[in-house]
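Written below as structure tokens is the structure these notes are about.
The values are calculated or read from the model by the stated rules, or taken from the named source; none is laboratory data. Note that the structure is a prediction, hence the values are computed from the model and not measured. Note that each Cβ is placed from the backbone with ideal geometry, even for glycine, and that neighbours are counted across all protein chains shown. Please note that ligands, DNA and RNA were not included when accessible areas were found on the heavy atoms of the full protein model with its side chains. Shrake-Rupley method; radii C 1.70, N 1.55, O 1.52, S 1.80 Å.
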Amino acid sequence: MWTEATQEAKQITDYRYHQVTVDLTASVIHHADLACQDMEDFLGGIGRSFKLLEGHDVTDVFSPASPLVMNLGVFSGTEVMTGLRIFFSAYSPLKTANNGQPLAMWSTASGKFGTKLAAAGIDEVVFTGRATQPVYLLVRKDGEELSLTLEDATDLKGQSTHDKIMALADQYADAHVAAIGPAGENWQHNAYAAIACSTVNQLQSRDCKPRFAGRGGMGSMMGSKNLLAIVVQAPDLKTGRVPPGVLEANKEISRGDGSRNYRDARKGNGGGGTWRNVAGLHPVGGLPEMNFWPQGNDAPSSLYRQSFEEPYLIKDESCFKCGISCHKNIYDVEIDNGRRKAGKYYAKFDYEPLDLMTINLGIYDQQQALEIVDLVDQLGFDSISLGATLGYVMDYNRQHPDQPILNGLAFGDFEAACDLIRQAAAGQCPEVGQGVKRLAESLGEPAYAMHCKGVELPAYLPETNPGYPFALAGGHMSMRTFLLLVFEGETGMDYWVDAIVNRGIYYTRDDLLGLCKFAGAPDSVIPASFKDLFGVDITAEDLMHATQRTYLRGLLLERKQGATLDDYELPARAYERNPNVELPHFITPEFMGELRERVFQAFDEQIVSYGLATPA
């Protein structure tokens, strides 16, 4: 963003943002500098993209007219630590109402791709149309000269996410890349393909270490437009001395309580990263296993982090200029003069891919875990959706041994699972590629299909989280209620209404700002960064209201598409008590019914107070 205002104290309406529209059908690219009309325009991210999506009527997400929005948050590309986020928003091919209409969603990634887009001076790109042949968008900034061109991507077709990124990074020096894999290329049969965004570590090491905008099928949206990749080649912004307010924010982000759980245990008081959840949830029966049904045995212990410490070497590595270093990258061990050092790279373990692609499928072998997680990354699937869908297939076959589907895929069958994943990526297994909601409905057995509004659940049991249905973009990234029962143990109605309405939705604040959620930056350190970087006064209360308005706009977009109370439901299995789960079992159909009524009563009151309405 930029401004011509010269006074020290500025207003958000003094700023303009640079929007590019790309019509892939006509190969026409248009530039516009747009004034920030309100707080959401200034903050960016989903605050701006939801407003944009309000103006589009979409019934077929793969229609050329259906937009894919790529944009930045206000801190993306700045010196604020973890200000790396790039956002992709659209009407999702995966997220659907019961009436079959697509629902709006977003996905986000870190790495350095967003930083490069900011360095090019672009805040937002809106893609429409469909190219007649595979293309990639090339963004180049040379001095004051900015050029955007569509280039032939035929030679990239069929390559993995990693191979596409490396081929383009080798061709364009000092560039970063967003790319889809084979899953996204076969968009007609895959509703949850991801977008891989390059990292500095990936380009330097040449190992497969991208970050993913995984949820909701944004890679499928790219594929439907015949857009295989986006390349941004621009010199890094020269920022000089970090201003004091930003410096204080960075200290808090890198070493404060908010990021503690995501820092490595070897770093001060770090909690060990998301991988810690396997060992944390398993003893209380809270770990999804064999299609979200904990088995009450010790099998998952082979995939605890401590079980990998001896046979492998685990390194905590980071995104660009991030002090949290949340990546847990796993290498073979080489001995050099009696010291252990990193050899061959295998994979990066985050909690969701690790649990859902292994334990949830009855796979407990360490080497198989490394291979299947890497396979999914290379092919460009969302591992959460894929793991939940494969878990359903295995569960169905266990319950129907005489009439199995998909060659009788069974829990623990690593080779068959990998074969099916490859087939799905190639567009040869739409039963898997279309997601668990469509598959379960086609089979007439939706009770144990782990999704809400078509979006597969992350690796937290639905019987522990009645907030899942109210999430706009996946239950662990857009509604902060998924571990409340574990940490706080509350089961009362008033507690959960408050947790959803007043606490859970605020998890999306960083999806406006462009910060990583792992930063855990408290509101108290944010205003000084606005003052330092933009000269504007924005309070914590301003951020709260902008976040609430944005959530409500997302909710109203769902209503625009015909979503009703019945769409906000948990899988029926959540109402069954699993004796292996030691956490309180409190969610019943009656509880959920009252919760829906009270939550939406509160949201409706907020909608009126903000003067919002369902888009026409």
Any residue that is under 21 Å from the mean Cα position of the chain (by Cα), modelled with pLDDT of 95 or more, not in a helix (DSSP H, G or I) and not hydrophobic (A, V, I, L, M, F, W, C) - is there at least one of those in segment 416-433?
no
Is there a residue in segment 446-455 that is assigned to a helix (DSSP H, G or I), within 20 Å of the chain's Cα centre (by Cα) and of a type in the set (Val, Ile, Thr)?
no
Which of the residues that make up segment 397-438 are β-branched (Val, Ile, Thr) and surrounded by fewer than 19 Cβ atoms within 10 Å (Cβ to Cβ)?
Ile405
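Return yes or no: is Ala299 within 25 Å of Tyr192 (Cβ to Cβ) and in contact (Cβ under 8 Å) with a residue 60 or more places away in the chain?
On the way: within 25 Å of Tyr192 (Cβ to Cβ): no; in contact (Cβ under 8 Å) with a residue 60 or more places away in the chain: yes.
Here the answer is no, as Ala299 does not meet what is asked.
The rows are residues; the columns are (1) among the acidic types (Asp, Glu); (2) under 30 Å from Met39 (Cβ atoms); (3) open to solvent by 20 Å² or more (accessible area, probe 1.4 Å).
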{"residue": "Asp567", "(1), (2), (3)": "yes, yes, no"}
{"residue": "Leu570", "(1), (2), (3)": "no, no, no"}
{"residue": "Glu576", "(1), (2), (3)": "yes, no, yes"}
{"residue": "Val581", "(1), (2), (3)": "no, no, no"}
{"residue": "Thr588", "(1), (2), (3)": "no, no, yes"}
{"residue": "Glu594", "(1), (2), (3)": "yes, no, yes"}
{"residue": "Glu597", "(1), (2), (3)": "yes, no, yes"}
{"residue": "Ile607", "(1), (2), (3)": "no, yes, no"}
{"residue": "Tyr610", "(1), (2), (3)": "no, yes, yes"}
May I ask you to verify whether Asp355 is under 16 Å from Gln295 (Cα atoms), in the same structural domain as His282 (by the TED database) and in a helix (DSSP H, G or I)?
yes
Filter the strands (runs of 3 or more DSSP E) completely within segment 261-349 down to those with at least 2 residues that are surrounded by fewer than 19 Cβ atoms within 10 Å (Cβ to Cβ) and small (Gly, Ala, Ser).
339-348
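Looking for whichever is charged (D, E, K, R), in the same structural domain as Asp142 (by the TED database) and within 24 Å of Ser89 (Cβ to Cβ) here; the options are Arg211, Arg206. Which one fits?
Working: Arg206 fails: within 24 Å of Ser89 (Cβ to Cβ).
On inspection, the qualifying residue turns out to be Arg211.
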Every residue in segment 243-260 that is touching a Gly at 6+ places or on another chain (Cβ under 8 Å) and assigned to a helix (DSSP H, G or I), please.
Asn250, Glu252, Ile253, Ser254, Arg255, Asp257, Gly258, Ser259, Arg260
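Please work out if Val393 is crowded, with 21+ Cβ neighbours inside 10 Å, of a type in the set (Val, Ile, Thr) and over 24 Å from Arg503 (Cβ atoms).
Numbers: crowded, with 21+ Cβ neighbours inside 10 Å: yes; of a type in the set (Val, Ile, Thr): yes; over 24 Å from Arg503 (Cβ atoms): yes.
So Val393 fits the description; yes.
When you scan segment 1-24, do you find a residue that is outside any loop (DSSP other than H, G, I, E, B), exposed (fewer than 13 other Cβ atoms within 10 Å of the Cβ) and not assigned by the TED database to the domain that holds Lys531, even just one?
To start, the set of residues in segment 1-24 that are outside any loop (DSSP other than H, G, I, E, B) comprises 2-3, 10, 12-23.
So of that shortlist, the ones also exposed (fewer than 13 other Cβ atoms within 10 Å of the Cβ) come out as 2.
Now narrow it down to the ones that are not assigned by the TED database to the domain that holds Lys531: 2.
Scanning segment 1-24 turns up at least one residue that is outside any loop (DSSP other than H, G, I, E, B), exposed (fewer than 13 other Cβ atoms within 10 Å of the Cβ) and not assigned by the TED database to the domain that holds Lys531.
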Considering only residues that are in contact (Cβ under 8 Å) with a residue 40 or more places away in the chain and out of contact with any strand residue (DSSP E or B) (no Cβ under 6 Å at 6 or more places or on another chain), look in segment 228-238 and name the one that is farthest from Leu156 (Cα to Cα).
Leu237
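Look through Leu439, Leu375 and report the one residue that is in contact with a Cys (Cβ under 8 Å, 6 or more places away or on another chain) and either at negative phi or not acidic (Asp, Glu) (or both). Give the derivation first.
Values: Leu439 fails: in contact with a Cys (Cβ under 8 Å, 6 or more places away or on another chain).
The match here is Leu375.
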